[in-house]
Amino acid sequence: MTQPATAAQNEAPTPAAKSAGEQESSRRAGLRWDVRTLSLLAVLAVLVAVGGITAPNEFLATSNLQLILTQASVIGVVTVGMTFVITSGGIDLSVGAIVALASVWATTVATQEFGFAGIAFTAVIVGVGCGLVNGLLIAYGRMVPFIATLAMLASARGLALQITDGSTQIVSVASVLDLGARDAYILGIPPLVLIFAAVTVVGWLVLNRTTFGRRTVAVGGNAEAARLAGIDVRRQRLYLYLLSGLCCGIAAFMLIVLAGSGQNTNGNLYELDAIAAAIIGGTLLSGGRGTIVGSVLGVLVFTTITNIFALNNLETAVQQIAKGAIIVAAVLVQRRSLHGDG
């Protein structure tokens with residue numbers, strides 16, 4: 001039996017009213033993003049000022065600024081992949097272990113015989129392979145992302161230790177080592193920073209200007225609604241973990257260039273650093289909203305803090321405490337923002 005239309009239904013907003021409401025919502029969202037971005041830039045400016053005051057000769061030196069950007073580049077590439085995963089409502093705790101496994105696999109004696117291309121290809125393919133396993137377990141095996149990636153973390157770390165037997169694998173390929181030398185800098189910019197910039201630009205374009213990016217946000221916002229809208233949620237999640245693995249492979253190669261070696265301890269706590277950078281950058285831990293620019297600024301904030309603490313001879317424990325406090329503050333700000341939106 002057909003139900004009579006209610007008063008609320010009779011007074012339903014017209015398409016024009018809906019469009020106006022959507023435009024107003026988008027405008028407010030854009031304003032909030034601008035405020036978050038400006039806030040992170042302000043924090044970064046304050047940190048630069050603090051570094052300049054506490055260690056003026058060391059912090060503001062060109063070589064130190066290049067070092068900050070170079071160190072931010074490796075974890076920054078990982079964070080780009082993590083931003084996509086978190087935006088979709090997932091999590092990847094295995095990124096650090098994947099970086100370690102890719103770096104040691106790519107620096108074995110057998111791999112180095114194939115030169116620059118062999119090392120780069122191996123690092124990337126190992127990262128993608130690990131991402132594929134994560135994606136299959138989560139998307140088609142219906143495992144909780146936390147459990148699946150935690151299992152990958154343990155397995156990848158164990159395999160990396162088995163490959164190296166606890167020793168450091170020194171890179172002997174000159175073309176790889178030359179990429180990290182000062183002579184390879186382009187207009188004073190280290191090549192690793194240029195790789196990071198390229199990954200960031202591509203990541204921003206994919207998330208904000210492609211159907212893939214819109215599907216990622218839709219899956220994170222409401223997976224069931226996305227499925228009803230015709231999005232293959234499982235395939236999308238598989239692609240996202242493949243993307244995260246790809247970023248880990250690229251980061252592993254960058255770390256090999258930076259360190260000139262492969263170690264099973266590489267990438268230690270990268271998962272925490274990447275998650276923290278994404279969160280303080282404005283990406284919602286619950287999914288449905290993500291920002292590449294914010295994540296990159298988050299990486300720069302954390303890297304700058306670490307550098308300032310190191311120059312002032314502060315203990316690592318103090319750095320971790322400060323990092324934890326920043327994460328808690330960022331989550332509290334997110335919760336307040338969400339309640340304000342409601």
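The values are calculated or read from the model by the stated rules, or taken from the named source; none is laboratory data. As the structure is a prediction and not an experimental result, all values here were calculated from the model. Positions of Cβ are generated from backbone atoms using ideal geometry, with glycine treated the same way; all protein chains shown enter the neighbour counts. What goes into the accessible areas is simple: the full protein's heavy atoms, side chains included, and nothing from ligands, DNA or RNA. Shrake-Rupley method; radii C 1.70, N 1.55, O 1.52, S 1.80 Å.
Annotations
- The listed residue being in contact with a Ser or Thr (Cβ under 9 Å, 6 or more places away or on another chain), outside any helix (DSSP H, G or I) and not charged (D, E, K, R), out of Gly220, Gly180: Gly180
- Taking each residue of region 265-289 that is among the aromatic types (Phe, Trp, Tyr) and looking for partners that are outside any helix (DSSP H, G or I) and open to solvent by less than 10 Å² (accessible area, probe 1.4 Å) with beta-carbon atoms closer than 9 Å, six or more apart or interchain, yields nothing.
Residue-by-condition table, conditions (1) closer than 25 Å to Leu194 by Cβ; (2) assigned to a loop (DSSP other than H, G, I, E, B); (3) in contact with a Phe, Trp or Tyr (Cβ under 6 Å, 6 or more places away or on another chain); (4) at pLDDT below 90:
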position	(1), (2), (3), (4)
Ala278	yes, no, no, no
Arg289	no, yes, no, no
Ser295	yes, no, no, no
Leu314	no, yes, no, yes
Lys323	no, no, no, yes
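Table: residues versus (1) open to solvent by 20 Å² or more (accessible area, probe 1.4 Å); (2) out of contact with any Gly (no Cβ under 8 Å at 6 or more places or on another chain); (3) over 27 Å from Val126 (Cβ atoms).
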| residue | (1), (2), (3) |
| --- | --- |
| Leu242 | yes, no, no |
| Ala259 | yes, yes, no |
| Thr265 | yes, yes, no |
| Gly298 | no, no, no |
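- When the test is whether a residue is in a helix (DSSP H, G or I) and either under 17 Å from Ala252 (Cβ atoms) or open to solvent by 70 Å² or more (accessible area, probe 1.4 Å) (or both), Leu150 passes it.
- The residue pairs whose first member lies in region 117-132 and is on the phi < 0 side of the Ramachandran plot, whose second member is of a type in the set (Phe, Trp, Tyr), and whose beta carbons are closer than 6 Å, counting only pairs six or more residues apart or on different chains, are Ala120/Phe253; Thr122/Trp105; Ala123/Phe253; Val126/Trp105; Gly131/Tyr241.
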